[in-house]
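Peer 1: Before I ask anything, here is the structure I am working with.
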Amino acid sequence: MNKTEADLLAAKWSLLRGVTVWLTGLPSSGKSTIARELERYFMRQSLPVELLDGDVVRTHLSKGLGFSREDRDTNIKRIGFVSALLTKHGVLTLVSAVSPYREARDANRRLIGSFVEVFVKTPVAICEKRDVKGLYKKARAGEIPHFTGVSDPYEEPERPDVLCETEKESVEASAAKVIGRLEALGYLKAVQP
């Protein structure tokens with residue numbers, strides 16, 4: 001049976017086992033917005049949920065790291081390590097991180113096991129319009145070296161578990177896609193009221 005967006009968002013869910021939902025995409029693509037929507041939704045459902053936002057993690061767990069490839073990989077490995085622990089203990093873990101390199105994301109998929117990759121696909125021009133911090137402008141002016149999408153590459157996932165196109169769909173529609181995929185993969189089960 002195909003569930004509609006409304007059906008998915010209206011259902012009461014039970015978490016069957018821990019899982020990491022890894023949202024990846026360009027800066028300002030909508031990763032954190034979707035992750036926060038999912039976090040609020042699952043909290044209302046009284047499910048064990050934790051959000052690891054790349055910007056927040058950098059200020060605490062990865063303070064002092066720069067944006068070289070090595071530093072980015074170290075940051076993503078640290079997030080992956082914490083995610084693996086949370087997932088192992090039955091937590092629905094949401095990660096919102098640019099994580100530009102396929103190899104690092106794939107390494108975390110292997111480490112965590114219960115891993116759902118969500119590609120938040122948004123054109124660079126749209127990301128630049130959404131950029132309230134002015135990072136793209138600074139990167140284009142040469143003030144920020146190694147900026148993903150401008151002076152450093154973003155390697156798109158080849159086969160993401162979920163594709164969210166924030167230019168074409170609402171935050172709620174993107175969240176519903178993730179919920180539907182979690183159900184299809186056996187992480188969530190709808191329960192009757």
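Peer 1: When you check Val98 against the structure, is it surrounded by 21 or more Cβ atoms within 10 Å (Cβ to Cβ), under 15 Å from Leu26 (Cα atoms) and modelled with pLDDT of 95 or more, yes or no?
Peer 2: On the way: surrounded by 21 or more Cβ atoms within 10 Å (Cβ to Cβ): yes; under 15 Å from Leu26 (Cα atoms): yes; modelled with pLDDT of 95 or more: yes.
It is true that Val98 is surrounded by 21 or more Cβ atoms within 10 Å (Cβ to Cβ), under 15 Å from Leu26 (Cα atoms) and modelled with pLDDT of 95 or more.
Peer 1: Identify, from the list Leu26, Leu15, the residue that is touching a strand residue (DSSP E or B) at 6+ places or on another chain (Cβ under 7 Å), surrounded by 23 or more Cβ atoms within 10 Å (Cβ to Cβ) and in contact (Cβ under 8 Å) with a residue 60 or more places away in the chain. So that I can check it myself, show each step before the final result.
Peer 2: Working: Leu15 fails: surrounded by 23 or more Cβ atoms within 10 Å (Cβ to Cβ).
Exactly one of Leu26, Leu15 is touching a strand residue (DSSP E or B) at 6+ places or on another chain (Cβ under 7 Å), surrounded by 23 or more Cβ atoms within 10 Å (Cβ to Cβ) and in contact (Cβ under 8 Å) with a residue 60 or more places away in the chain, namely Leu26.
Peer 1: To continue, here is another question. Could you grab me the full set of residues in the range 46-61 that are surrounded by 18 or more Cβ atoms within 10 Å (Cβ to Cβ) and either assigned to a loop (DSSP other than H, G, I, E, B) or basic (Lys, Arg) (or both)?
Peer 2: Arg58
Peer 1: Continuing with this model, one more query. Filter the range 86-120 down to the residues that are under 24 Å from Asp71 (Cα atoms) and among the charged types (D, E, K, R), then identify the one that is nearest to the chain's Cα centre (by Cα).
Peer 2: Glu117
Peer 1: Is there a residue in the range 167-185 that is at pLDDT 95 or above, more than 25 Å from Ser83 (Cα to Cα) and among the basic types (Lys, Arg)?
Peer 2: yes
Peer 1: Within the range 148-166, is even one residue surrounded by 13 or more Cβ atoms within 10 Å (Cβ to Cβ), under 13 Å from Ile34 (Cα atoms) and not hydrophobic (A, V, I, L, M, F, W, C)?
Peer 2: Looking through the range 148-166, at least one residue is surrounded by 13 or more Cβ atoms within 10 Å (Cβ to Cβ), under 13 Å from Ile34 (Cα atoms) and not hydrophobic (A, V, I, L, M, F, W, C).
Peer 1: Considering only residues that are within 20 Å of Gly113 (Cα to Cα) and touching a helix residue (DSSP H, G or I) at 6+ places or on another chain (Cβ under 6 Å), which ones fall in the range 25-52?
Peer 2: Val49, Glu50, Leu51, Leu52
Peer 1: Of all residues in the range 178-189, which are touching a residue at least 12 places away in the same chain (Cβ under 8 Å) and either touching a strand residue (DSSP E or B) at 6+ places or on another chain (Cβ under 6 Å) or over 19 Å from Arg40 (Cβ atoms) (or both)? So that I can check it myself, show each step before the final result.
Peer 2: First, pick out the residues of the range 178-189 that are touching a residue at least 12 places away in the same chain (Cβ under 8 Å): 178-183, 185-189.
Listed by number, the residues that qualify are Val178, Arg181, Leu182, Leu185, Gly186, Tyr187, Leu188, Lys189.
Peer 1: Of all residues in the range 1-31, how many are assigned to a strand (DSSP E or B) and of a type in the set (Ser, Thr, Tyr)?
Peer 2: First, pick out the residues of the range 1-31 that are assigned to a strand (DSSP E or B): 12-15, 19-24.
Then keep just the ones that are of a type in the set (Ser, Thr, Tyr); that gives 14, 20, 24.
Residues in the range 1-31 being assigned to a strand (DSSP E or B) and of a type in the set (Ser, Thr, Tyr): 3 in total.
Peer 1: Restrict the check to the range 132-146 and report whether at least one residue is buried (at least 20 other Cβ atoms within 10 Å of the Cβ), in contact with a Pro (Cβ under 7 Å, 6 or more places away or on another chain) and closer than 22 Å to Thr33 by Cα. Quick ask: steps written out before the conclusion?
Peer 2: Going through the range 132-146, the residues buried (at least 20 other Cβ atoms within 10 Å of the Cβ) turn out to be 136, 139.
Checking the rest, the ones that are also in contact with a Pro (Cβ under 7 Å, 6 or more places away or on another chain) come to none.
No, there is no match, as no residue in the range 132-146 is buried (at least 20 other Cβ atoms within 10 Å of the Cβ), in contact with a Pro (Cβ under 7 Å, 6 or more places away or on another chain) and closer than 22 Å to Thr33 by Cα.
Peer 1: Residues that are over 18 Å from Leu23 (Cβ atoms) and touching a residue at least 60 places away in the same chain (Cβ under 8 Å): does the range 170-177 have at least one? If you could, list the steps in order and put the result at the bottom.
Peer 2: Kept after step one, since they are over 18 Å from Leu23 (Cβ atoms), are these residues of the range 170-177: none.
There is no residue in the range 170-177 that is over 18 Å from Leu23 (Cβ atoms) and touching a residue at least 60 places away in the same chain (Cβ under 8 Å).
The values are calculated or read from the model by the stated rules, or taken from the named source; none is laboratory data. In this text the structure is predicted, and so the values were computed from the model without any measurement. Don't worry about glycine lacking a Cβ; one is built from the backbone with ideal geometry, like all the others, and counts go over all protein chains shown.
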